[in-house]
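Please treat every number below as a calculation from the coordinates, not as lab data. What you are looking at is a predicted structure, and each value in this text was computed from that prediction instead of being measured. All Cβ positions, glycine included, derive from the backbone under ideal geometry; neighbour counts span all protein chains shown.
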Ligand SMILES: [Zn+2]
């Protein structure tokens with residue numbers, strides 16, 4: 001697929017991260033009290049550390065229409081950074097109020113024409129934080145799945161305490177393919193979406209001590225359907241057994257996707273190289289527009 005893959009040099013891909021500076025700032029109070037925060041977490045520094053950690057490609061995930069231009073600036077600047085555009089379920093009510101469906105469709109459609117815009121996301125349903133906006137979430141989710149079909153792009157799905165409804169809605173859009181981001185471990189949901197041809201992405205939660213359901217479900221995900229992600233700046237992996245919990249206080253960043261791959265490799269007892277190979281290959285199979293871009 002890629003030159004590097006032909007040479008059997010494995011690398012990592014962070015299939016889901018948020019690099020907007022405001023996000024990084026928003027998690028600062030949680031930990032890492034370094035005084036040089038601004039410089040350390042400037043997007044350029046974060047991307048450089050990722051590349052140094054063999055994270056060769058990153059997918060920046062949109063959550064609302066207002067982040068489109070900032071995501072475009074970053075992904076246009078870096079050859080190895082791609083982006084998606086989409087409305088997160090927790091932003092659905094706001095967009096419902098602010099825009100007509102025509103306006104939303106127009107903005108997403110326009111953005112999807114761009115060569116570095118390789119998917120629609122993150123989209124889905126979140127009943128953990130917002131049950132009251134259920135109907136608006138469903139409408140915005142359906143709208144964006146229709147756009148994914150129209151633009152022939154994969155979707156990045158967010159599902160929290162809503163897996164039955166997510167699976168039901170996906171069934172209404174059989175030609176749309178995508179990935180369930182930050183899979184929580186619900187086996188029945190995994191089976192349903194795998195049947196529909198979806199990929200499943202594992203985040204740093206695989207390293208958490210209490211992620212028992214996820215660890216048990218991992219073996220049911222075929223290696224050729226597995227993606228890895230950080231969901232930066234959230235969900236920092238907990239990968240330092242000598243200081244449990246300490247790492248999680250740090251701001252997560254794409255470089256740490258290496259810990260996710262390592263966590264999967266240890267728990268599945270398959271070589272790390274194999275996890276790297278499959279998750280990278282799967283990424284470019286699903287996000288084929290990114291593959292076309294790097295092979296251009
Ligand atoms: Zn996300």
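A few remarks follow.
- Over the chain, the ratio between the Cα radius of gyration and 2.2 N^0.38 Å evaluates to 0.94.
- Maximal additional length on extending the residue 139-residue 212 stretch stands at 23.0 nm, based on 0.36 nm per residue less the C-alpha distance.
- Taking the inverse of the mean reciprocal distance over all distinct Cα pairs, the Kirkwood hydrodynamic radius of the range 255-296 comes to 11.1 Å.
- Each Cα pair under 8 Å and six or more residues apart adds its sequence gap; the mean of these over the residue count of the chain is a relative contact order of 22 percent.
- If the segment from residue 172 to residue 150 were pulled out straight at 0.36 nm per residue, it would be longer than the present Cα-Cα gap by 6.5 nm.
- Cα gyration tensor category, rounded, prolate or oblate, for the range 92-245 with a/c compared to 1.5: prolate
- Paramagnetic reach from residue 79 in the range 276-296 [backbone N under 19 Å; point 7 Å along Cα→Cβ]: 284, 289-296
- Translational D in µm²/s for the range 168-210 (Stokes-Einstein at 10 °C, 1.306 mPa s, Kirkwood Rh from C-alpha pairs): 141
- Calculated P(r) tail over 17 Å for the range 66-160, as whole % of Cα pairs: 47
- Computed E for residue 129/residue 99 - FRET, C-beta separation, R0 30 angstrom, nearest 0.05: 0.90
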